[in-house]
Amino acid sequence: PDVCVIGLGYIGLPTAAIIARAGCPVSGVDVSQNVVDTINRGEIHIEEVDLDGLVQAVVQRGLLRASTEVAPADVFVIAVPTPFAKDGNHTPDTSHVMAAAEKVAAVLKKGDAVILESTSPVGTTEAMRDAIAAKRPDLAMPGLCEGQPDVSIAYCPERVLPGRILEELTHNDRSIGGITPRCARKALAFYKRFVKGECVTTDARSAEMTKLVENAFRDVNIAFANELSMIADRQGLDVWEVIRLANRHPRVNILTPGPGVGGHCIAVDPWFIVHGAPEEAKIIRQARETNDGKMHHVLARAKALAEANPGEKVACLGLAFKANIDDFRESPARYVAASLAREFGERVRVVEPYAAELPREFEGTGAELIDIDTALEECGVLVTLVDHDVFKVIPPEERQGKAIYDTRGIWPDLA
Ligand code: SAJ
């Protein structure tokens, strides 16, 4: 089939490339002319392992072409952002999904399939169907007509990990949620072309909730670890030792405390559940608040350590939202480092091997980006904020005599 992928970001572009590699002609659509031009040159605008070579190959073979306009196709895959509305209440904003659906509606024909992949609150796929139905009264819509609908509509979330996107897009299992069972079967046949993992069919609302639940599960588990670390601080316990021991229980697997939860998914998606059922979603809401609060706890402890060592420079190790990636958006490490820079100015050094320069909020603070060897020579205080491999391998003798706050537990010998 001819495929149209709408939204060429972290999910849409790799998905478009993988569909193209499977031999389907793909037209990729993005609102940004710059993104479109970059891809048509065979280049990419995001960082992801092996994505550059794949996009170059499928563009060169004429299988992937980008545009700012939605053109007719047989299968439409929507992978646009679903951020929060700007009301400060963590309300989901599905306007990009609806805008994409309206563009699809304009070119939709009998027999086509529309698949939503964007993380969405429960009910969004049906709302999208209704928006398409309003624009195209000539087409019989699934769930709204008697007998056979003219088009099929489904919700099929991804569950890929940044840094492993291509691998996980191919090998992860997938939930395939149809508005009707027939819609699910149609979407299933499409995903089978490029997914090697198992594709499990369900209804659209269950698939929407599944995606949210997966990330909320992880958030709650991280919150448990973060809460433990704050309890341990209060009681003068070593949290790493407690977790190591508890995890020897055959049915206990406590995750790793850190400076908070970053990224664009785990810190966002649980709120979509809370928004849909505010009375019931108590643990899920609390986990979000606990993980956000951890940042402030870490900052307070780091400040105290800097104040207790007034003559020393303070090295913040890491800015990324997690280990071994160059993504600094929504990063608790970055928040803590920038707050320390504002407070302690020229005493602060930042080590981030994945950054070429410090983000804008560091401007004028006097803080500097340096490499790890310089930090180990010049800084008497070390605050580890990201568990990058390059930090983990620093041996104890190189850190000897320094005041250290290891927020991620990367140096077990400290315990
Ligand atoms: N973190 C901890 N302690 C831990 C694990 C993680 O503090 O034990 C922190 C990380 O440092 C990071 C944040 O949590 O700041 C999230 O990192 P992550 O690796 O758990 O997840 P993401 O955001 O990179 O990707 C998640 C994944 N979801 C799940 O594992 C349930 C991924 O599979 C999803 O596809 C992705 O969200 C998404 O796009 O929804």
Subject >> Residue check, residue 30 away from the ligand (no atom under 16 Å from the Cβ) and under 18 Å from residue 161 (Cα atoms) >> reply: no
Original post:
Would you say residue 382 is in the same structural domain as residue 256 (by TED's automatic domain parsing), surrounded by 15 or more Cβ atoms within 10 Å (Cβ to Cβ) and in a helix (DSSP H, G or I)?
Top reply: no
Original post:
Quick one: what pairs do we get from region 302-319, first residue assigned by TED's automatic domain parsing to the domain that holds residue 409, second at pLDDT 95 or above and of a type in the set (Phe, Trp, Tyr), C-beta under 7 Å, 6+ apart or different chains?
Top reply: 302/405; 305/405; 306/344; 314/344; 317/391; 318/391
Subject >> region 52-69, residues that are within 10 Å of residue 20 (Cα to Cα), crowded, with 19+ Cβ neighbours inside 10 Å and of a type outside the set (Val, Ile, Thr) >> reply: 54, 63, 64
Original post:
Is one or more of the residues making up region 329-347 assigned by TED's automatic domain parsing to the domain that holds residue 257, of a type in the set (Val, Ile, Thr) and not in a helix (DSSP H, G or I)?
Top reply: no
Original post:
Take the residues of region 144-172 that are free of Cβ contacts under 8 Å to residues at least 24 places away in the same chain and within 9 Å of the ligand (Cβ to nearest atom): which is surrounded by the most Cβ atoms within 10 Å (Cβ to Cβ)?
Top reply: 168
**OP:** Could you please find all residues in region 96-114 being within 16 Å of residue 9 (Cβ to Cβ) and either over 19 Å from the mean Cα position of the chain (by Cα) or not in a helix (DSSP H, G or I) (or both)?
**Re:** 99, 100
**OP:** Determine whether region 119-127 contains at least one residue that is of a type in the set (A, V, I, L, M), under 27 Å from residue 25 (Cβ atoms) and either at pLDDT 95 or above or in contact with a Ser or Thr (Cβ under 8 Å, 6 or more places away or on another chain) (or both).
**Re:** no
**OP:** Output the qualifying pairs, or none if there are none: Cβ atoms under 6 angstrom, residues six or more apart or on different chains, first residue in region 28-39 and in contact (Cβ under 8 Å) with a residue 40 or more places away in the chain and under 14 Å from residue 4 (Cβ atoms), second residue surrounded by 13 or more Cβ atoms within 10 Å (Cβ to Cβ) and of a type outside the set (S, T, N, Q).
**Re:** 29/6; 29/70
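Given the criterion under 18 Å from the mean Cα position of the chain (by Cα), surrounded by 18 or more Cβ atoms within 10 Å (Cβ to Cβ) and not in a loop (DSSP other than H, G, I, E, B), identify the matching residue among 315, 287, 320.
Of the residues listed, the single one that is under 18 Å from the mean Cα position of the chain (by Cα), surrounded by 18 or more Cβ atoms within 10 Å (Cβ to Cβ) and not in a loop (DSSP other than H, G, I, E, B) is 287.
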**OP:** Filter region 313-345 for residues that are more than 26 Å from residue 255 (Cβ to Cβ) and in contact with a Ser or Thr (Cβ under 8 Å, 6 or more places away or on another chain) and give the result.
**Re:** 341, 342, 345
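The values are calculated or read from the model by the stated rules, or taken from the named source; none is laboratory data. These figures come from a predicted structure and were not determined experimentally. Glycine also receives a Cβ, built like all others from the backbone with ideal geometry; neighbour counts cover every protein chain displayed.
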